[in-house]
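Let me begin by presenting the structure, written as structure tokens, before commenting on it.
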Amino acid sequence: MTQRESKKICKLIVRQLPPTLTEDAFLSTLPPNTLTNSIDFYYYTLGKFSEKRPINSTAYLHFKTEELAKEFTSIYQGHVFINSKGKETRASVDVAPFQKIPRANKKRTDSKENTIDQDPSFLEFVESLNVPQVFLPSAEEQLDKRLAEQAASGITSDTPIITPLIAYVRLRKSNRGKGMPSKIAILKRDGKKERRQRKEKGPKGEKKEDKPLDPV
């Protein structure tokens with residue numbers, strides 16, 4: 001006997017259930033005490049009704065023992081469902097291809113739960129709430145203080161305000177022509193030099209020759 005054959009078959013799949021059969025209606029068709037005494041896990045998938053291609057509902061049942069699974073198969077195999085139009089549907093009970101079931105979600109315990117009173121950041125925050133707040137002076141107070149400082153230094157409202165940009169432009173104007181020539185001056189000088197060279201050359205770009213003097 002192989003390892004696969006030695007495993008117990010406890011999970012069954014019930015197919016060919018009516019598409020409109022709800023989960024509660026399916027559970028009501030199970031044998032008495034099956035849900036409470038025999039099954040430890042079940043999963044139900046509701047189908048979809050369609051005139052062209054209906055999708056049947058499906059149920060997965062996991063029994064506590066293999067004997068209970070066999071007993072349910074012998075009882076529920078071929079269970080008949082009749083819809084409102086009198087059409088019969090027979091359930092098919094088979095062995096589920098995947099025998100495992102989902103694990104129960106274990107609740108993880110947080111080691112920091114209910115320890116916020118011991119957190120240094122929280123304690124620092126609580127202490128900061130007890131410190132009196134210091135508010136900045138209002139705009140009117142700041143304006144009065146600035147006017148008082150200007151009056152003390154001799155600056156009145158008629159005194160023009162020189163911004164750093166204006167001071168820089170004035171400095172550039174005052175230094176123009178003192179140091180290295182500006183770009184405009186260099187371009188003017190080169191233009192004069194080029195015109196002078198053109199005059200020295202002929203109309204075809206040849207340099208003019210000095211005419212001999214007429215004999216006296």
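Structure notes:
- Each peptide in 41-51, 125-135 gets a packing score, the mean of other Cβ atoms within 10 Å over its residues, and the list from highest to lowest is 41-51, 125-135.
- Take each peptide in 89-100, 17-28, count the other Cβ atoms within 10 Å of every residue, and average; sorted highest first, the result is 17-28, 89-100.
- When you count the other C-beta atoms within 10 angstrom of each residue and take the mean per peptide, 62-70, 112-120 line up highest first as 62-70, 112-120.
- Cut-off under 5 Å, modelled amide H: who pairs with Gln16 long-range: Ser92
- One decimal place: the segment Phe49-Thr29 gains 5.2 nm when fully extended, by the rule 0.36 nm per residue minus the C-alpha distance.
- Fraction of accessible area attributable to carbon and sulfur, segment 60-101 (%, probe 1.4 Å): 55
- Legend: residue pairs Lys52/Lys85; Lys8/Lys87; Lys48/Lys107; Lys70/Lys107; Lys11/Lys52; Lys64/Lys106, Cα-Cα distance threshold 25 Å; pairs beyond threshold, Lys8/Lys87; Lys48/Lys107; Lys70/Lys107; Lys11/Lys52.
- In plain terms, the chain from Ile75 to Lys188 could stretch by 29.4 nm, reckoned as 0.36 nm per residue minus the Cα-Cα distance.
The values are calculated or read from the model by the stated rules, or taken from the named source; none is laboratory data. Given the structure is predicted, the values throughout are model-derived calculations rather than measurements. Quick reminder, even Gly has a Cβ in these numbers, built from the backbone with ideal geometry, and neighbours come from all protein chains shown. Areas reflect the complete protein model, heavy atoms only, side chains present, ligands, DNA and RNA absent. Shrake-Rupley method; radii C 1.70, N 1.55, O 1.52, S 1.80 Å.
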